[in-house]
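I have placed the structure first, in the form of structure tokens, so that the comments after it can refer back to it.
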Amino acid sequence: MTLLNPILHSPVFGIALTVGLYWGMVKLKARYRRVHPLICTAAVIIAILVLGDIPYEDYRIGGEWLSWALGPATVALAVPLYKHASLIRSKLAPVMTGITLGAIVSAGMTACIFYLTGASMELMYSAVAKSSSAPFSMEIARRLGGIPELAAAISVLTGLFGSLAGPAFLRLCGVRSDIAIGAAIGTSSHGIGTARLMETSELQGSVSGFAMAAAGMISTLLMLPVYWWLLSSS
């Protein structure tokens with residue numbers, strides 16, 4: 001392990017491990033459709049770090065570079081969104097209505113479940129914005145008094161679950177419209193769900209990208225009264 005220390009302490013380790021494994025999982029998915037590249041890549045990385053007794057801090061040196069790349073990657077979703085802008089604009093009223101109701105129901109149901117199960121307020125505030133992308137959920141949790149890191153983890157898990165079960169659940173419910181599917185997944189499963197839809201339909205993915213951004217902003221606005229109430233009561 002001593003000989004590998006220079007590599008483990010450099011960004012190359014985290015970047016090469018993540019990109020290499022993900023590329024391999026994508027190739028594997030082409031043969032076995034049940035393989036989920038994101039989940040499988042994360043599972044193998046965790047196994048390597050645990051079995052190799054490699055500190056997470058060593059992996060994070062390169063992992064943070066990949067986290068930074070999420071910003072430009074998210075902005076790149078504007079390209080398919082621009083291509084389908086006229087169609088989305090023609091359905092803007094129902095799409096925005098669905099996104100708004102989805103954000104309200106998600107936050108409301110989460111708060112009710114955590115309150116009724118006796119969870120702490122800190123935990124509830126960490127989970128209330130779970131359907132927003134991690135940057136939104138982390139900032140909301142920080143402002144309300146939750147745990148930003150926990151909020152990010154819950155947000156990622158929500159996106160993973162939505163990307164796995166969301167499209168199948170919508171088909172089971174008889175939802176066939178590309179716009180409806182995109183709006184539902186983007187509102188509930190943010191970037192991970194959007195990436196999943198982009199694999200099969202550019203239109204669904206572009207609507208999902210729009211819904212993801214809109215849901216994040218709407219969720220933030222919904223939390224403002226809660227934030228003001230907390231300030232006034234403190």
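Applying the criterion of being of a type in the set (A, V, I, L, M) and assigned to a helix (DSSP H, G or I) to the residues of the stretch 108-132, the residue that is surrounded by the fewest Cβ atoms within 10 Å (Cβ to Cβ) is 116. If only residues of the stretch 77-97 that are among the β-branched types (Val, Ile, Thr) and farther than 18 Å from residue 193 by Cα are counted, the one that is surrounded by the fewest Cβ atoms within 10 Å (Cβ to Cβ) is 97. With the condition kept exactly as written, say whether any residue in the stretch 176-184 is within 15 Å of residue 77 (Cβ to Cβ) and under 18 Å from the mean Cα position of the chain (by Cα). Scanning the stretch 176-184 turns up at least one residue that is within 15 Å of residue 77 (Cβ to Cβ) and under 18 Å from the mean Cα position of the chain (by Cα). When residue 104 is tested against the conditions (1) open to solvent by less than 70 Å² (accessible area, probe 1.4 Å); (2) within 29 Å of residue 202 (Cβ to Cβ); (3) part of a helix (DSSP H, G or I), the lone failure is (1).
Applying a threshold of 7 Å to beta carbon distances and a minimum spacing of six or more residues, or different chains, the list of pairs starting in the stretch 199-225 at a residue that is of a type in the set (Ser, Thr, Tyr) and ending at one that is outside any helix (DSSP H, G or I) and at pLDDT below 90 reads 206/84; 219/129; 219/132.
The selection criterion, being in contact with a Leu (Cβ under 6 Å, 6 or more places away or on another chain), open to solvent by less than 30 Å² (accessible area, probe 1.4 Å) and modelled with pLDDT of 85 or more, does not hold for residue 166. Can you name the residue in the stretch 60-101 that is in a helix (DSSP H, G or I) and of a type in the set (D, E, K, R) and is also modelled with the lowest pLDDT among such residues? The residue in question is 64. Within the stretch 23-38, if we keep just the residues that are among the hydrophobic types (A, V, I, L, M, F, W, C) and in a helix (DSSP H, G or I), the residue that is surrounded by the most Cβ atoms within 10 Å (Cβ to Cβ) turns out to be 25. Being assigned to a helix (DSSP H, G or I), open to solvent by less than 40 Å² (accessible area, probe 1.4 Å) and at positive phi, is that true of even one residue in the stretch 192-210? No - not one qualifying residue is present in the stretch 192-210.
The values are calculated or read from the model by the stated rules, or taken from the named source; none is laboratory data. Just so it is clear, the model here is predicted, and its values are computed rather than measured. So basically every Cβ, Gly included, is an ideal-geometry build from the backbone, and we count neighbours across all protein chains shown. What goes into the accessible areas is simple: the full protein's heavy atoms, side chains included, and nothing from ligands, DNA or RNA. Shrake-Rupley method; radii C 1.70, N 1.55, O 1.52, S 1.80 Å.
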